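The values are calculated or read from the model by the stated rules, or taken from the named source; none is laboratory data. Everything numeric in this text was worked out from a predicted model, so none of it was measured. For neighbour counting, all protein chains shown are included, and Cβ atoms are generated from backbone atoms with ideal geometry for every residue, glycine included.
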Amino acid sequence: MNAYPQVLFKNRRPGETVLLPEYEKSGGYQGLRKALKMSPGEVCALVKDSGLRGRGGAGFPTGIKWSFFPSSQPGDKYLVCNGDEMEPGTYKDRQLLLADPHQLLEGMAIAAYALQAPVGYIFLRYAYEDCSLRVERAVKEAIAAGYLGKNILGSGFDVELHVHRSAGRYILGEETSLLNGLEGGRPNPRSKPPFPAQRGLFGRPTNVNNVETLATVPHILAHGKVWFHNLALNPESAGTKLFGLSGHLNKPECFELPLGVTLREVVDEFGGGVRGGKKFKACLPGGASTPYLAAEHLDLMMDFDPLEEVDSRLGTAGVTVFDEDTCMVAVTRNLNQFFARESCGWCTPCRDGLATISWLLDRIEFGRGTEDDLTMLKDQVRNIKGRSFCALAEGAMGPVEALLRLFEDEIKDHIRKGCCPFKQ
Amino acid sequence: MARGVKKLKVMTELLPQEQVDSFKAKAAVIAHPHELIVDLLRAIQSHHDWVPDDGVLLTAETLGVLPIEVEEVATFYDKIFRRAVGRRVIHVCDSICCWSIGAEMITEHLQKSLGIKLGETTADGVFTLLPTCCLGACGEAPAMMIGLTI
């Protein structure tokens, strides 16, 4: 049983989606009402003071991002919700949108007001048709009730939301690539600067936030920053986080847990332990681009800063667990194949470097690897890191580096034995 | 004249006239008609199963943009099919969570029972089998998507 306070998942019931009347009954749209009585600057300040950090993977403080936004600049300004969620192991936004989609709309209305960006786009990935339908229904309900559309709740402020259904490719989750996708151009990423806050969608100031981040905002408005801060177990952090568990667990489900919960508790209490009574070997703590954690990390707090201290990242908190019989070379090979395939081909380190790493990991996994391949693997990592155009290849290096750091013996074992030791 | 009639017939096979008109009307009133390219390509695909060259031309003509601008978008996305596919496309996830829990066996089984390899279409034109990256159903792994249903 999950005894921790439920915020985003408080109305969640399996197989059901919360409609507007139930959402209102549970306190829905009270955050928006409060926000509209404050000045836009006060709303931004509250979000900044709450300590909310972006839930889409990078963990950038949301209020600081908002404070960069030129909200007083005249002309078109846009708000974009990033619902691409294509990083393997990440499925929390889908769970949130299937359960209670009005939270996102309320969060977007508040953000639109705070940033004075009245036009918003909700970008949803191809596979999430189920979410798109529910979000569209919720938008209709919210317009009919006066929470969206013209003159929301009599405030004189308009909010116009559009749903964009994408057509595949992981790179669209990169914010500038996503903006190109929304514009209907070829979605290669753009160079930064200029950042979207200066020149984003259609060349205008644009703020991009993740689904879970925006859905958290109404609760901060309704209950305040102290309440939000106290939700986390880590006194230096704030809020709850959706953890999507997967891999070799007895209960690979999605849970809302406080930031700062230990990895051991996540795996044993919520994931029901490693399946088949096997031992925990490693996990991806937050999606395919986050460096592995091993058994020695089980007592760490699952939170942004504590994981960075051990050269990993919380990412999206999609925790994929591997048992003791898993070959980490094979895992890394699978992850790297994903990144190599999803590379948009724009820059050489990513397009050619990831393919080379795939080739090297193939050789090692299938017993054709040599010491030279290991040297070349390290070389590739060094030359890709910091040299790619966007964050895709940088992220792809996360698991490869962790493989070299935590499981180099396993690579050497492959080379020495001339085969995968786990397939013997 | 005869050519014009033939052209119209081909176009309505791609997308019903009322949908074409509705896209045209939308494109006329918005500032950036390019933003409808993906929507229109998806509409054609949902009607015609895939997007042939004429679909690219129809999109360009309807929105008043260049065919190359449509093509560079269409060829970028893996879920826009520029080659013929079966009436039902089966996407099998091969990313990490599904892989860790036996997706390779599912792919193997599907290939055997359909008598095709990944990337191929059954002889009766009903099923196309494709690999896909993570579908966002990691908790229910292994996952696949048939049409638009996970």
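Quick notes on this structure:
- Positions within the stretch A:304-336 being within 14 Å of chain B (Cβ to nearest Cβ), of a type in the set (Lys, Arg) and in contact with a Gly (Cβ under 8 Å, 6 or more places away or on another chain), in sequence order: none
- Selection count, the stretch B:11-35, where residues are within 26 Å of residue B:87 (Cβ to Cβ) and not acidic (Asp, Glu): 10
- Sub-6 Å Cβ pairs linking a first residue in the stretch A:141-154 that is assigned by TED's automatic domain parsing to the domain that holds residue A:116 to a second residue that is surrounded by 14 or more Cβ atoms within 10 Å (Cβ to Cβ) and β-branched (Val, Ile, Thr), at least 6 apart or interchain, are A:148/A:159; A:149/A:143; A:152/A:159, ordered by first then second residue.
- Flag if residue A:406 is touching a Phe, Trp or Tyr at 6+ places or on another chain (Cβ under 8 Å), outside the structural domain of residue A:239 (by TED's automatic domain parsing) and under 20 Å from residue B:132 (Cα atoms): no
- Condition check for residue A:45: over 30 Å from residue A:336 (Cβ atoms), in contact with a helix residue (DSSP H, G or I) (Cβ under 8 Å, 6 or more places away or on another chain) and small (Gly, Ala, Ser): yes
- Only one entry of A:169, A:137 meets the criterion of being touching a Pro at 6+ places or on another chain (Cβ under 9 Å), charged (D, E, K, R) and more than 14 Å from chain B (Cβ to nearest Cβ), and that entry is A:137.
- Residue count, the stretch A:273-303 (criterion: free of Cβ contacts under 8 Å to residues at least 40 places away in the same chain and away from every other protein chain (no Cβ under 14 Å)): 9
- Looking only at the stretch B:50-92, and only at residues there that are in a strand (DSSP E or B) and aliphatic (A, V, I, L, M), the one that is farthest from residue B:27 (Cα to Cα): B:92
- In the stretch A:304-315, the residues that are free of Cβ contacts under 8 Å to residues at least 40 places away in the same chain and of a type in the set (A, V, I, L, M, F, W, C): A:307, A:310
- Lone unmet requirement of (1) out of contact with any Pro (no Cβ under 9 Å at 6 or more places or on another chain); (2) buried (at least 19 other Cβ atoms within 10 Å of the Cβ) for residue A:162: (2)
- Any hit, the stretch A:299-308, residues being over 25 Å from the mean Cα position of the chain (by Cα) and surrounded by fewer than 16 Cβ atoms within 10 Å (Cβ to Cβ): no
- Single residue of A:420, A:390 found to be under 20 Å from residue A:177 (Cα atoms) and crowded, with 17+ Cβ neighbours inside 10 Å: A:390
- The stretch A:6-69 holds helices (runs of 4 or more DSSP H) entirely within its bounds, and those carrying 3 or more residues that are within 24 Å of residue A:198 (Cβ to Cβ) map to A:40-50, A:62-67.
- Only listed residue being over 23 Å from the mean Cα position of the chain (by Cα), among the aliphatic types (A, V, I, L, M) and closer than 26 Å to residue A:229 by Cβ, chosen from A:36, A:96, A:105, A:52: A:36
- All of A:107, A:149 fail the test of being surrounded by fewer than 24 Cβ atoms within 10 Å (Cβ to Cβ), away from every other protein chain (no Cβ under 14 Å) and over 27 Å from residue B:66 (Cβ atoms), apart from A:149.
- Residue B:90 being away from chain A (no Cβ under 12 Å), of a type outside the set (Phe, Trp, Tyr) and touching a residue at least 40 places away in the same chain (Cβ under 8 Å): yes
- Of all positions in the stretch B:104-122, none carries a residue that is within 12 Å of the chain's Cα centre (by Cα) and either within 30 Å of residue A:288 (Cα to Cα) or outside the structural domain of residue B:33 (by TED's automatic domain parsing) (or both).
- Qualifying residue in the stretch A:233-242 (condition: out of contact with any Asp or Glu (no Cβ under 9 Å at 6 or more places or on another chain), among the small types (Gly, Ala, Ser), farther than 30 Å from residue B:102 by Cα and surrounded by 18 or more Cβ atoms within 10 Å (Cβ to Cβ)): yes
- Exclusive hit being within 29 Å of residue A:414 (Cα to Cα) and either surrounded by 21 or more Cβ atoms within 10 Å (Cβ to Cβ) or among the basic types (Lys, Arg) (or both), set A:313, A:264: A:313
- Check on residue B:101, at pLDDT below 95, facing chain A (nearest Cβ under 10 Å) and either more than 20 Å from the chain's Cα centre (by Cα) or surrounded by fewer than 16 Cβ atoms within 10 Å (Cβ to Cβ) (or both): yes
Residue-wise test of (1) more than 9 Å from chain A (Cβ to nearest Cβ); (2) among the aliphatic types (A, V, I, L, M).
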| site | (1), (2) |
| --- | --- |
| B:107 | yes, no |
| B:112 | yes, no |
| B:119 | yes, no |
| B:124 | yes, no |
| B:135 | no, yes |
| B:139 | no, no |
| B:142 | yes, no |
| B:148 | no, yes |
